[in-house]
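Participant: The structure under discussion is supplied below as structure tokens; questions concerning it will follow.
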Amino acid sequence: MAQLIGEGIGRVDGPAKVSGRALYVDDLHVPGCYYGATVRSTHAHALIRGITLNLDYDWSDVIVVTSVDIPGENVIALMTDDQPALAEQVVRHVTEPIALVAAPTREKALEAARNVRIEYQPLPAIIDMARSRGEEPRIFGNDNVFKKLELRLGDVKAVTGGVLIEGEYEVGHQEQLYIEPQGVLAVPREDGGVTIIGSLQCPYYVVKALIRVLGHDKLNVVQAATGGGFGGKEEYPSMLSAHAALLATRAGRPVKMVYRRDEDLRATTKRHPARVKLSTRVDESGRLLSLDADVLMDGGAYNTLSPVVISRAALHVSGPYRWETAHVRAAVVATHTPPNGAFRGFGAPQAMFAVERHLDKIARTLSIDPVELRRMNLLREGDLTVTGQVVKAPGGLLALDAALAAADESPLPPLSPIPGGGGDAARRLPGRGVSVVFHGCGFTGNGEAKIKSKVILELQGERIRVLTGSTDIGQGTDTIFPQLVASVLDIPLSWVEMAPHDTALVPDSGPTVASRTAMVVGGVVDAAARKLHAALQVEARRSAPFAELARARRARGPLRVEHQHQPDPSLRWDDERYIGDAYPTYAWMATVVDLAVDIDTGEVTYRRLITATDIGRALNPVLASGQIEGGALQALGWATFEEVVTDGKGLMLNDRLTNYIIPTAADAPEMVTLLIENPYEGGPFGAKGLGEIPMDGPAAAVAQAIEAATGAVLNRLPMTPERVLEATP
Amino acid sequence: MLTSHAEVLSPRSLQEALTAKASHPETVALAGGTDLMVLIEANKLAPSRVLNLWGVQELRGIDAQDGWIRLGALTTWTELIHSTLLADHAPALVEAAQTCGAAQIRNRGTLGGNLANASPAGDSLPPLLALDGVVELGSARRGLRRVPIERFFLGYRKTALERDELITAIYLPARVDGDETFFRKVGTRRAQSISKLSFCGRVRRQGGQVTLARLAFGALGPVPLRAHTVEVALEGGPVRPQLAELLLNDIRPIADVRSTAEYRQRAAVNVLRGWLESLAG
């Protein structure tokens, strides 16, 4: 039997998706299905004076639901209970849902929604995050702060020597832009409950939220084929599922809700905008003496996952560097704007852009080569992070050396002419930029110990079913898990299959987030497979290969083993003071980007993107490279293309793919993707998490490259042609 | 929303199409639908009558006629790209077509539609202006008339098209030997982008002196426009790149979701100067 780990076997979901057989929510046709639509706030902050129906409209086949129709609690339960499923007396952001309608056709539902009249009494609103903390009106708690935290390493104030270098960095919203918009189908069950079939990442989040809204637990959540998530389908599907379930329950028939792209862009969560102020002291050789960081993030109108996002930002704002002392203050505040939420990187990209740009500033100030400055300060074995975690087997230098070597070895691809871009290559200036980042894998601190992820394996004959709540949203879970089981048990891959991601069948394996699925849940799968083998040996009272034992018991009944995540007992974490082992391990990545800047227009053309990423072990190198390349392109989008333009009320104005610009294949550089294997003993076969780290590093490398090409110093994302041209001396 | 209430007529001849348009002037003409369907989907347009021109053969084809190139109004972007006639006579228009939309859009979107939609950012419009294009309009009652393209655009998304008229063709003069042209589209990404600004230039030189200059810009005002001040200044002398600064007299850029007025102004001057510098050598 071939060892399957390290093999780039094809995705199990690939053929169905490529041939069009895979069924996404909108492909599911249920007889008698109604279509849902949402009536949303047009105000950032207002009292709802009345909800009335236009009596000239034909309502005979329309279902209408408002907050008074909610059988359970009017709350989307997540970290706190501040967000209602439907606004009651107050709206706190534009696009906040107020009422729902369902009708036999989508067109009729959208038309009906336009005939629901909301009467508002507008109230003053806070749109700018810099004017939120402690200000009126109050949106959350006593001071409009969702979460603030502070961490210290040594005493920053005691450091007075060296050169004081200060900087301020800013990043805007970013839309996840999954290809498939948010969508859910709610189907009433015979027992009076409801089945949710949705495009989602975390089925058990939806279960927990719906129990509260519906006031019962007669429900199951099934993940349909999902066209990307990137964090955008972590928490928002709870909202959409609640809406569809309310309508379906009320109508007594299936209800489908699939957002159009413009509605999805305007109403659903985005990456948190952030402002990071860094004040540092550095000695003249470039040694990092002290870091004083102040991170501010805009959470939007409701808490969602903001406390965890700000936590990850605080834990990554040091960058992968050794600081002798550090003081980090971080806060995420409320504004009357659509809530921000999970997005690949989850606070780390914002922090990492800031610290990497700041290292460039230090290098510029001290006239040190920016790459050498990084090399000098990268965390080494036994160093302390800013939480006092002792660094083990760091991959920063490995990654940096590998990326730089590749940049020297492989020839730079020629600068291709752009159709309609003029032919004059002389008017485009070349530049190269380098960044190094790390990313904590899995949940912060003792998060995994709280979640206690479960996986079940079922053996029947020679078939093993993997039952897990971890979903495949395009990243490869459904391929990796069978690969792990088959490798551990030394059996053909064809013996292993994934059970449908239906909460009626599968256990809670924790959410599919935080670069944790392969590393943490994969580890549980690995252990469960060993447990299954052990169970067969006990049953047969002999040691033998799994395949042999499984064949011998073919006629006997099914065998089921369950395993739960066992956190590394040596990890220590103080969640009050933010001291200790912030993450079980870290992935590390170096980026070398080559680009050209048009001196007339500030347009950036990408030529080559080299990434070297320490991911522990590549379980499936093809999928791993795909994740990294896709994530890196998404990062280039954030760097120079993607800007959410809002009006004075926080409403997204560029709500179409023609004006919210993400890169296309034509914009993608040639990519050289190096996987560095530096095994982590806590992960299956040494694997670490890798889903998010490609989002962290490229933007800062691009900024450095633009600076090298033009002299334009940009400390704000996105670096659109407008900003590049304006900053060009 | 394109509701089932809308009446869709699909004429098979130009005469039939013009008659239908004349008898119901509120009828919305549909060519490739690449602009129209977006407006309908966004609830910005709810036509009760639609005239589907796709089957009208007289509106198709690219031919050379008496020193002119005639492009039927239904000529698609894809047809522009693959036309050998245009590769010789209007390479700037071919380049513009290559930058327009995605392959699916280029297969449906038409030159006539681009003119009728009259977006100041329409990809074909600067080349048509720089090449001295003429628009041919047809009416059942008054027959055909020809309008120089610059006079076709009256204001923001307002054209010279009368309510009973359809665009039937676009005429371009055959290329004169020695004419030098240039097309540049500025957008955030390299494909499927609506321009922040676009530029098409054409100069003719004799003995180092500019005898004709056509400088046309998209997305720098309410209509696609020509930079007459710079054109006049250029004509009669050698190519002087510094004349690009005069462009500020000709353009009125605005800020919108795609860009800022300051950027459009600066980038437009830079692009023009860059081209003039390359001509000056």
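Bear in mind that the values in this text are calculations on the coordinates, not laboratory data. Computed from a prediction, not measured in an experiment: that's the story for all the values here. Note that each Cβ is placed from the backbone with ideal geometry, even for glycine, and that neighbours are counted across all protein chains shown.
Participant: Of A:Leu398, A:Thr479, A:Ala103, which is farthest along the charge dipole of chain A in the positive direction, counting Lys and Arg as +1 and Asp and Glu as -1 at C-beta?
Facilitator: Among A:Leu398, A:Thr479, A:Ala103, the one farthest towards the positive end of the dipole of chain A is A:Thr479.
Participant: Only Cα pairs within less than 10 Å get springs; with that Gaussian network setup on chain B, which residue of B:Gly61, B:Gly178, B:Gly72 has the largest fluctuation?
Facilitator: Checking each option, the largest mean-square fluctuation is seen for B:Gly178.
Participant: Over 31 Å between Cα atoms: which of A:Lys256/A:Lys688; A:Lys233/A:Lys452; A:Lys270/A:Lys392 fall into that group? Write down the numbers at each step before the final one.
Facilitator: Values: A:Lys256/A:Lys688 38 Å; A:Lys233/A:Lys452 22 Å; A:Lys270/A:Lys392 34 Å.
Too far apart for the 31 Å limit: A:Lys256/A:Lys688; A:Lys270/A:Lys392.
Participant: Which Cα, out of A:Gly252, A:Val506, A:Thr664, lies furthest along the positive dipole direction of the protein assembly as shown (beta carbon charges, K/R +1, D/E -1)?
Facilitator: Selected residue: A:Gly252.
Participant: Under unit Cβ charges (Lys, Arg +1; Asp, Glu -1), what dipole magnitude, rounded to 20 debye, does the stretch B:7-55 have relative to its Cα centre? Working shown, then result.
Facilitator: Working: 4 positive and 5 negative charges, 16 e Å.
With only Lys, Arg, Asp and Glu charged at Cβ, the dipole is about 80 debye.
Participant: Considering every residue in B:177-189, what mean count of other chain Cβ atoms within 10 Å of its Cβ is obtained?
Facilitator: Details: counts 0, 0, 0, 0, 0, 3, 4, 9, 5, 9, 7, 16, 11.
Mean number of neighbouring Cβ atoms from other chains: 5.
Participant: Compute the separation of the alpha-carbon centres of the stretch B:108-182 and the stretch B:217-281 and state it in Å as a whole number.
Facilitator: Comparing the Cα centres of the stretch B:108-182 and the stretch B:217-281, I get a distance of 21 Å.
Participant: Another question, if that's okay. So which lysines pass the test for A:Lys361, namely a Cα distance under 17 Å, with those fewer than 8 places away in the same chain ruled out?
Facilitator: Reachable lysines: A:Lys277.
Participant: Scan the stretch A:287-329 for trypsin sites (Lys or Arg not before Pro) in coil per DSSP, keeping those whose Cβ has at most 16 other Cβ atoms within 10 Å, and list them by number. Could you put the intermediate results ahead of the total?
Facilitator: Details: sites: A:Arg287, A:Arg312, A:Arg322, A:Arg329; in loops: A:Arg287, A:Arg322.
Sparse-neighbourhood loop trypsin sites (Lys or Arg not before Pro): A:Arg287.
Participant: Next question, about the same structure. Within a 10 angstrom radius of each residue's Cβ in A:635-645, how many Cβ atoms of other chains show up on average? Whole number is fine.
Facilitator: Details: counts 0, 0, 2, 0, 0, 2, 3, 1, 2, 0, 3.
Taking the mean over all residues of the peptide, I get 1.
Participant: Go through the stretch B:152-196 and name the chymotrypsin sites (Phe, Trp or Tyr not before Pro) that are in a DSSP coil and have 15 or fewer other Cβ atoms within 10 Å of their Cβ. Can you show the working numbers first?
Facilitator: Details: sites: B:Phe152, B:Phe153, B:Tyr156, B:Tyr171, B:Phe182, B:Phe183; in loops: B:Tyr156.
Sites meeting the loop and neighbour criteria: B:Tyr156.
Participant: While we're here: Would you mind putting A:99-109, A:53-63, B:84-94 in packing order, based on average other-beta-carbon counts within 10 Å, highest first? The partial results should precede the final answer.
Facilitator: On the way: A:99-109: 21.0, A:53-63: 12.8, B:84-94: 19.4.
For the peptides A:99-109, A:53-63, B:84-94, the packing ranking is A:99-109, B:84-94, A:53-63.
Participant: Counting Lys and Arg as +1 and Asp and Glu as -1, each charge on the Cβ, what is the dipole of the stretch A:468-549 about the Cα centre in debye, to the nearest 20?
Facilitator: Working: 5 positive and 9 negative charges, 68 e Å.
Charge dipole of the stretch A:468-549: 320 debye, to the nearest 20.
Participant: Follow-up question, since we're still on this one. May I ask which residue of A:Val68, A:Gln537, A:Gly8 lies farthest towards the positive end of the charge dipole of chain A, with charges of +1 (Lys, Arg) and -1 (Asp, Glu) on Cβ and the Cα centre as origin?
Facilitator: A:Gln537
Participant: How much length would be gained if the chain were fully extended between A:Arg364 and A:Thr160, taking 0.36 nm per residue of separation minus their Cα-Cα distance, in nm to one decimal?
Facilitator: Values: separation 204, 0.36 × 204 = 73.44 nm, distance 2.08 nm.
The span from A:Arg364 to A:Thr160 would gain 71.4 nm if fully extended.
Participant: Considering only DSSP states other than H, G, I, E and B, which chymotrypsin sites (Phe, Trp or Tyr not before Pro) in the stretch A:187-252 qualify as loop sites with at most 15 other Cβ atoms within 10 Å? Let's see the in-between values first.
Facilitator: Values: sites: A:Tyr204, A:Tyr205, A:Phe230; in loops: A:Phe230.
Filter output for the stretch A:187-252: empty list.
Participant: If you take each beta carbon of peptide A:663-674 and count the beta carbons of other chains within 10 angstrom, what is the mean? Walk me through the intermediate numbers first.
Facilitator: Values: counts 4, 6, 2, 5, 6, 1, 0, 0, 0, 0, 0, 0.
Partner Cβ neighbours, averaged per residue: 2.
Participant: Among the lysines, which have Cα under 30 Å from the Cα of B:Lys158 when same-chain residues fewer than 8 positions away are ignored?
Facilitator: Qualifying lysines at Cα under 30 Å: B:Lys21, B:Lys44, B:Lys185, B:Lys196.
Participant: In nanometres, what is the gap between the two model label sites at A:Arg551 and A:Arg189, each 7 Å from Cα along Cα-to-Cβ?
Facilitator: Placing both labels 7 Å along Cα→Cβ, they lie 4.1 nm apart.
Participant: What's the magnitude of the charge dipole for the stretch B:59-173 around its Cα centre, counting Lys and Arg as +1 and Asp and Glu as -1 at the beta-carbon? Answer in Debye, nearest 20.
Facilitator: The calculated dipole for the stretch B:59-173 is roughly 460 debye.
Participant: Where the centroid of each part is defined by its Cα atoms, how far is the stretch A:592-644 from the stretch A:664-706 in Å?
Facilitator: The stretch A:592-644 and the stretch A:664-706 have Cα centres spaced 8 Å from each other.
Participant: In the stretch B:180-280, if every C-alpha pair distance is counted and binned at 5 Å from zero, what percent goes to each bin?
Facilitator: The calculated distribution, bin by bin, is 3, 14, 26, 25, 16, 10, 5, 2, 0.
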